[in-house]
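Novice: I'd like to ask some things about the structure below.
The values are calculated or read from the model by the stated rules, or taken from the named source; none is laboratory data. Note that the structure is predicted; figures quoted are calculated from it, not measured. A quick note on method: Cβ atoms are made from the backbone with ideal geometry, for glycine too, and the neighbour counts reach across all protein chains shown. The area values use the complete protein model at the heavy-atom level, side chains included, leaving out ligands, DNA and RNA. Shrake-Rupley method; radii C 1.70, N 1.55, O 1.52, S 1.80 Å.
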Amino acid sequence: MKVVVKHVKSGKTQCTLDGLEPDSTISDVKRRYHAQMPAKYPDRQQWKTGQDRKDKPLKNEVTLDSLRIGDSGILYFKDLGPQIGWTTVFLTEYAGPLLVYLPFFFRLPFIYGQDGKSFPVSVVVNVAAACWVLHYAKRLLETIFVHRFSHATMPIANIFKNSGYYWGFAAFVAYFVNHPLYTPAMYGIVQVYTGLALFIVCEIGNLSTHITLRNLRPQGTKKRKIPYPDSNPFSMLFSLVSCPNYTYEVGAWLGFTIMTQSFPALLFTLAGLGQMTQWALGKHRNYRKEFEKYPRGRKAIIPFVL
């Protein structure tokens, strides 16, 4: 059996892969193509049965026989470009905010001038720094010990885009929260501790959700299951939304915003809400398509609303 390889955009024939069997998988196709095109390693390859944008990329485990393309079938190839590991990207984008935030917290002279440290530091500034460090230290540890990624890599350009977002917002928020002229919350310590309580609860909920999702996927597999609440009370949010990890994440930054009463923190929260809503809606749709008995009452990210 042979496969004629065509470019997904131009439709031009690139090569022919010989010696494949009906039970050969897309993984086998990727390896065979890599042997002919050494620069196109498997992680940067995407394969489809057609050129239409609606044609879904083929999963690695799909067999040629199941595609019904015949003994001299056609498959369309797309180059995803240079790839980089998800773990590397996450470690980079989460380590950055820690390194960026702390120079502002310590009011280094090159940021606020020589007199920056002469101004008093309010309690909320110290609490906010602790929350910031806690959040990103948690994310780093989760990346190493908790997360199991369905895809090994992503386009290398994402590391610059993602890092720019996180590092840039870190500097924006840190500059104003740690500024010598920063004004604490209007309602004083009550507002600070209210925001802090929300932040802590949501951070625990976020971690709990990540652990629940990890336990649904056996190590070394891409198997997916419907997530349900378990004995952990923080998992109860699974009965209301498909992506409680995003719900808790937004809640944590809302708590940070209430605590600091900072406009840059509010913008960071809204930007995060917008991005995570897109991700949640996509995952919610995929759950409903993949699982016939997926709970219909669940929303994507905001209970009863969205």
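Novice: Does at least one position in region 156-175 carry a residue that is loosely packed, with under 14 Cβ neighbours inside 10 Å and not in a helix (DSSP H, G or I)?
Specialist: Looking for residues that are loosely packed, with under 14 Cβ neighbours inside 10 Å and not in a helix (DSSP H, G or I), one finds none in region 156-175, hence no.
Novice: Here's another thing I want to ask about it. When region 290-301 is examined, which residues are found to be open to solvent by 60 Å² or more (accessible area, probe 1.4 Å) and touching a Ser or Thr at 6+ places or on another chain (Cβ under 9 Å)?
Specialist: Result: 297, 299.
Novice: What number of residues in region 279-306 are among the β-branched types (Val, Ile, Thr) and either within 25 Å of residue 185 (Cβ to Cβ) or touching a residue at least 60 places away in the same chain (Cβ under 8 Å) (or both)?
Specialist: Residues that pass the stated criteria total 2.
Novice: Next question, about the same structure. Of these, 58, 64, which one is modelled with pLDDT of 90 or more and under 30 Å from the mean Cα position of the chain (by Cα)?
Specialist: None of the other options fit; the residue is 58.
Novice: Quick check on my filter: what residues within region 160-182 are more than 18 Å from residue 272 (Cβ to Cβ) and touching a residue at least 12 places away in the same chain (Cβ under 8 Å)?
Specialist: 175, 178, 179, 180, 181, 182 - these are the residues of region 160-182 that are more than 18 Å from residue 272 (Cβ to Cβ) and touching a residue at least 12 places away in the same chain (Cβ under 8 Å).
Novice: Counting only residues that are in contact (Cβ under 8 Å) with a residue 24 or more places away in the chain and assigned to a helix (DSSP H, G or I), which one in region 259-272 is most open to solvent (accessible area, probe 1.4 Å)?
Specialist: Checked region 259-272; the qualifying residue most open to solvent (accessible area, probe 1.4 Å) is 263.
Novice: Sticking with this structure for a sec: Do we have residue 276 as touching a residue at least 24 places away in the same chain (Cβ under 8 Å) and not polar (S, T, N, Q) here?
Specialist: Here the answer is yes, as residue 276 does meet what is asked.
Novice: Inspect all residues belonging to region 184-193 and state whether any of them is open to solvent by 40 Å² or more (accessible area, probe 1.4 Å) and touching a His at 6+ places or on another chain (Cβ under 9 Å).
Specialist: no
Novice: In region 184-222, which residues are in a loop (DSSP other than H, G, I, E, B) and on the phi > 0 side of the Ramachandran plot?
Specialist: 220
Novice: Would you mind stating whether residue 119 is surrounded by 14 or more Cβ atoms within 10 Å (Cβ to Cβ), farther than 23 Å from residue 251 by Cβ and at pLDDT 90 or above?
Specialist: no
Novice: Would you check which residues across region 216-231 are modelled with pLDDT of 80 or more and either under 13 Å from residue 287 (Cα atoms) or within 18 Å of the chain's Cα centre (by Cα) (or both) and list them?
Specialist: Once the filter is applied, which keeps residues that are modelled with pLDDT of 80 or more and either under 13 Å from residue 287 (Cα atoms) or within 18 Å of the chain's Cα centre (by Cα) (or both), region 216-231 yields 216, 224, 225, 226, 227, 228.
Novice: Tell me whether region 127-134 contains one or more residues that are without any contact (Cβ under 8 Å) to a residue 24 or more places away in the chain and open to solvent by less than 70 Å² (accessible area, probe 1.4 Å).
Specialist: yes
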